[in-house]
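See below for the structure under consideration.
The values are calculated or read from the model by the stated rules, or taken from the named source; none is laboratory data. In this text the structure is predicted, and so the values were computed from the model without any measurement. So basically every Cβ, Gly included, is an ideal-geometry build from the backbone, and we count neighbours across all protein chains shown. Accessible surface areas use protein heavy atoms only, side chains included; no ligands, DNA or RNA. Shrake-Rupley method; radii C 1.70, N 1.55, O 1.52, S 1.80 Å.
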Amino acid sequence: MASRINLLSVVLALIFTAALASDSSPLQDFCVADANSAVLVNGFVCKDPKTVQANDFSFSGLQMAGNTSNAVGSNVTAVTVAQLPGLNTLGISLVRIDYAPWGINPPHTHPRATEILTVLKGCLEVGFVTSNPENRLITKVLKKGDVYVFPIGLIHFQRNVGKEMAIAIAALSSQNPGVITIANAVFGSNPDTPSDILAKAFRVDKNVVKFIQSKF
Ligand SMILES: *[C@@H]1O[C@H](CO)[C@@H](O)[C@H](O)[C@H]1NC(C)=O
Ligand SMILES: *[C@@H]1O[C@H](CO)[C@@H](O)[C@H](O)[C@H]1NC(C)=O
């Protein structure tokens, strides 16, 4: 009996943890984001359901490639609650990612979402790194039709290893997954993170840190 109660409490604890690990569940059919409300809540206030239209649940333009002529050679077109107000409270969003040949989506993490990515075109090398102390890189080369999952919070990247443009589409388990691009957050913070802190953390000279900071 005692072990059954223990098992039950473990299962309940797991369910509770799972509920906390992603966006909270809706308490009604939908809650279309009211971008004009001055009320601050976790997410967005609901528009009056009687005024909601089909367009509140719709986004157009994902057939168009993003412009990859930039320093990293990739472009993310996001469809989060900011672009599609009907996503509010639903715990899900979508992105299209375009990659120039050898373009990268640089190492980054989503504080609020697991990501599941499908290659629509081309060939991508993808990977994520596990947390301390292993910091294990788990990586694979994907071709058209392959799917990969990046677990919530872990640092991950993609690189186009083909000769043509590559395209991926990814779903994320938050209406607002957030992005922390590691290089930008570490070397491009505003104001600068003190260079002696980064010098010690990266085990390099302060001038190396200042040089990298000057690139952001
Ligand atoms: C991504 O592509 C869009 C559409 O072409 C463009 O407006 C935007 O500046 C691009 N973003 C980056 C980071 O290059
Ligand atoms: C893509 O971005 C580059 C750099 O900003 C710009 O020079 C170029 O005109 C853009 N291409 C398109 C098709 O918008």
One residue is enough: does segment 87-94 have a residue meeting the conditions among the polar types (S, T, N, Q), in a loop (DSSP other than H, G, I, E, B) and in the same structural domain as Arg159 (by TED's automatic domain parsing)?
yes
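Restrict the check to segment 176-183 and report whether at least one residue is over 14 Å from the mean Cα position of the chain (by Cα) and surrounded by 14 or more Cβ atoms within 10 Å (Cβ to Cβ).
Here is the first cut: in segment 176-183, the residues over 14 Å from the mean Cα position of the chain (by Cα) are 183.
Remaining after also requiring surrounded by 14 or more Cβ atoms within 10 Å (Cβ to Cβ): 183.
So far as segment 176-183 goes, yes, one or more of its residues are over 14 Å from the mean Cα position of the chain (by Cα) and surrounded by 14 or more Cβ atoms within 10 Å (Cβ to Cβ).
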Every listed condition ((1) of a type in the set (Gly, Ala, Ser); (2) more than 16 Å from ligand 1 (Cβ to nearest atom); (3) in contact (Cβ under 8 Å) with a residue 12 or more places away in the chain) holds for Ser74 save (2)
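Being of a type in the set (S, T, N, Q) and open to solvent by less than 70 Å² (accessible area, probe 1.4 Å) narrows it down to one residue among Asn42, Asn67, Asn105; which is it? Before you say what the answer is, go through the steps one by one.
Details: Asn42 fails: open to solvent by less than 70 Å² (accessible area, probe 1.4 Å); Asn67 fails: open to solvent by less than 70 Å² (accessible area, probe 1.4 Å).
Exactly one residue qualifies, and that residue is Asn105.
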- Return yes when Glu115 is assigned by TED's automatic domain parsing to the domain that holds Pro49, buried (at least 19 other Cβ atoms within 10 Å of the Cβ), under 21 Å from Ala183 (Cα atoms) and more than 16 Å from ligand 2 (Cβ to nearest atom) and no when it is not. yes
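Take Thr68 and tell me if it is β-branched (Val, Ile, Thr), more than 16 Å from ligand 1 (Cβ to nearest atom) and in a loop (DSSP other than H, G, I, E, B).
Details: β-branched (Val, Ile, Thr): yes; more than 16 Å from ligand 1 (Cβ to nearest atom): no; in a loop (DSSP other than H, G, I, E, B): yes.
In short, no.
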Note on segment 47-67: residues within 16 Å of ligand 2 (Cβ to nearest atom) and closer than 26 Å to Arg112 by Cβ are Gly61, Gly66
Expected output for segment 23-34 (first residue over 11 Å from Gln175 (Cβ atoms), partner of a type in the set (Val, Ile, Thr), Cβ below 9 Å, 6+ apart or cross-chain) is Ser25/Thr89; Leu27/Thr89; Gln28/Thr89; Phe30/Val52; Phe30/Thr89; Val32/Thr51; Val32/Val52; Asp34/Val45
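Looking at segment 143-216, what strands (runs of 3 or more DSSP E) fall wholly within it and have at least 1 residues that are without any contact (Cβ under 8 Å) to a residue 60 or more places away in the chain? Before you say what the answer is, go through the steps one by one.
Values: elements: 147-150, 155-160, 166-172.
Correct list: 147-150, 155-160.
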Here the residues within segment 53-105 that are among the acidic types (Asp, Glu) and within 17 Å of the chain's Cα centre (by Cα) are Asp98
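What residue, among those in segment 45-64 that are within 16 Å of ligand 1 (Cβ to nearest atom) and polar (S, T, N, Q), is surrounded by the most Cβ atoms within 10 Å (Cβ to Cβ)? Working first, answer last.
Step one: list which residues in segment 45-64 are within 16 Å of ligand 1 (Cβ to nearest atom), which gives 59-64.
Filter once more, keeping what is polar (S, T, N, Q): 60, 63.
Values: Ser60: 9, Gln63: 6.
Only one residue fits best here, namely Ser60.
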Taking first residues from segment 98-109 that are acidic (Asp, Glu) and part of a strand (DSSP E or B) and second residues anywhere that are open to solvent by less than 30 Å² (accessible area, probe 1.4 Å) and more than 16 Å from ligand 2 (Cβ to nearest atom), the pairs with Cβ under 8 Å that are 6 or more apart or on different chains are Asp98/Ala166
